[in-house]
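Read through the structure below, which is laid out as structure tokens, and then see the notes.
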Amino acid sequence: MAEAEKEKESFTTGYKSHQQKMTEIRQKLKEAEQQKNVNEDFEKLKLEMSKLEKQEDEFRKKEAELAKKEKLTPLNVDTICHEGKSKTIINKYKAKKELTEDEMAEKQLSFTKKNEKLLKKFGMFRRYEDSEAFLTEHPQLACDETANYLVVWCINLEVEEKHDLMAHVSHQTIVMQFILELSKQLDIDPRACIKAFFSRIKLAEKTYMEAFNDELESFKDRVRKRAEEKLEKIMKEVEEEERQKRLGPGGLDPIEVMESLPQELQDCFESKDIGMLQKVIANLPREEAEHHMKRCVDSGLWLPSAQDAQEGKDTAEVTTEEAEVAAEQNNYDSVD
């Protein structure tokens, strides 16, 4: 146990020194580029940075080896007991039990209810130092449920057209997803990956930052697409709800029926000219006239007389007959 702790401490000390050197060289290179001072010293700095980047790969391999060793260390009094106030997370990562959809939903609901204030606070951070300190203080947030909550929050923000805030929370979502991905790669508890992730992301290593930013942009694109789909679904639900409210006594939509009528009949209903309607109906073949009038009654475009409705008469047939009689009467009147 003592040997493992010594090895870990040695690695941490060496890695911190390495990080400090990389930060210093990177700053010097940046200053030289800004001042356009490209000389022999600049080339030496580039060469030194190249060596440090190669060493970075070796540190990463060593870090993974130490993590695996720690994972395989048997649990006993020596490995789980530490002095006084030292706060330690046991890195044994038990395989997750497969949950049903209902169990997953219940787990997510319970987690959100218990931690929602913390989740919203984490989503609003931007600086890596703040996020690291917050997750170190609240390590229970390093889990799939946090990632799920942040994803849904991003989609809702995009639906609400809060695009800048969506982009802000998306950054924190990818932070959490990278921590979870590191946990899977090393097969250790996500809580044990908090420090490792932030140590690497703060180095701003080119390839790692490119991977992070590429995933961030891809995620925002997926959020926008999902938000569009959600909006379309909402609009369809609203339209269907409005359609249901419009349905006439026979279950037909008056708008759909109106659009399907011959133009002459549409003109009659739009002008509310009953005389014109009677003439048009009388001039149509009886079967066609009854078909159209029945659909008008079933959609509520035409309301039968109270007497016909009470006697249970076929309103389409009655209306057609009335139209024919009215048309004949008009003909008699014109002859007189």
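The values are calculated or read from the model by the stated rules, or taken from the named source; none is laboratory data. None of the values given here were measured: they were computed from a predicted structure. Every residue, glycine as well, gets a Cβ built from its backbone with ideal geometry; the counts of neighbours run over all protein chains shown. Accessible surface is based on the protein model in full, side chains and every heavy atom, while ligands, DNA and RNA are left aside. Shrake-Rupley method; radii C 1.70, N 1.55, O 1.52, S 1.80 Å.
Here are a few things to note about the model shown:
- Test for ASP253: is it in contact with a Ser or Thr (Cβ under 7 Å, 6 or more places away or on another chain) and modelled with pLDDT of 85 or more: yes
- Applying the condition of being in a helix (DSSP H, G or I) and within 16 Å of THR12 (Cα to Cα) to the range 198-214 and asking which residue is most open to solvent (accessible area, probe 1.4 Å) yields ARG200.
- Between LYS225, LYS220, LYS233, the distinction of being in a helix (DSSP H, G or I), open to solvent by less than 90 Å² (accessible area, probe 1.4 Å), under 30 Å from ILE174 (Cα atoms) and of a type in the set (Lys, Arg) belongs to LYS220 only.
- When restricted to residues that are open to solvent by less than 50 Å² (accessible area, probe 1.4 Å) and without any contact (Cβ under 8 Å) to a residue 60 or more places away in the chain, the range 169-189 contains 12.
- Cβ-Cβ under 7 Å pairs, at least 6 apart or on other chains, the range 242-257 side part of a helix (DSSP H, G or I), far side among the small types (Gly, Ala, Ser): PRO254/GLY248; PRO254/SER299; PRO254/GLY300; VAL257/SER299
- Residue selected from the range 116-129 under the condition modelled with pLDDT of 95 or more and charged (D, E, K, R), by the criterion nearest to the chain's Cα centre (by Cα): LYS120
- Qualifying positions in the range 15-33 - of a type outside the set (Lys, Arg) and in contact with a Leu (Cβ under 8 Å, 6 or more places away or on another chain): HIS18, GLN19, MET22, THR23, ILE25, LEU29, ALA32
- Any hit, the range 153-168, residues being touching a residue at least 24 places away in the same chain (Cβ under 8 Å), among the small types (Gly, Ala, Ser), in a helix (DSSP H, G or I) and crowded, with 22+ Cβ neighbours inside 10 Å: no
- Of the helices (runs of 4 or more DSSP H) entirely within the range 1-99, those holding at least 2 residues that are more than 19 Å from ASP189 (Cβ to Cβ), out of contact with any strand residue (DSSP E or B) (no Cβ under 7 Å at 6 or more places or on another chain) and modelled with pLDDT of 60 or more occupy 2-34, 40-72.
- Residue within the range 244-256 that is acidic (Asp, Glu) and open to solvent by less than 40 Å² (accessible area, probe 1.4 Å) present: yes
- Residue check, THR146 surrounded by fewer than 18 Cβ atoms within 10 Å (Cβ to Cβ), out of contact with any Lys or Arg (no Cβ under 7 Å at 6 or more places or on another chain) and β-branched (Val, Ile, Thr): no
- Check on LYS195, out of contact with any Pro (no Cβ under 8 Å at 6 or more places or on another chain), modelled with pLDDT under 90, of a type outside the set (A, V, I, L, M, F, W, C) and surrounded by 13 or more Cβ atoms within 10 Å (Cβ to Cβ): no
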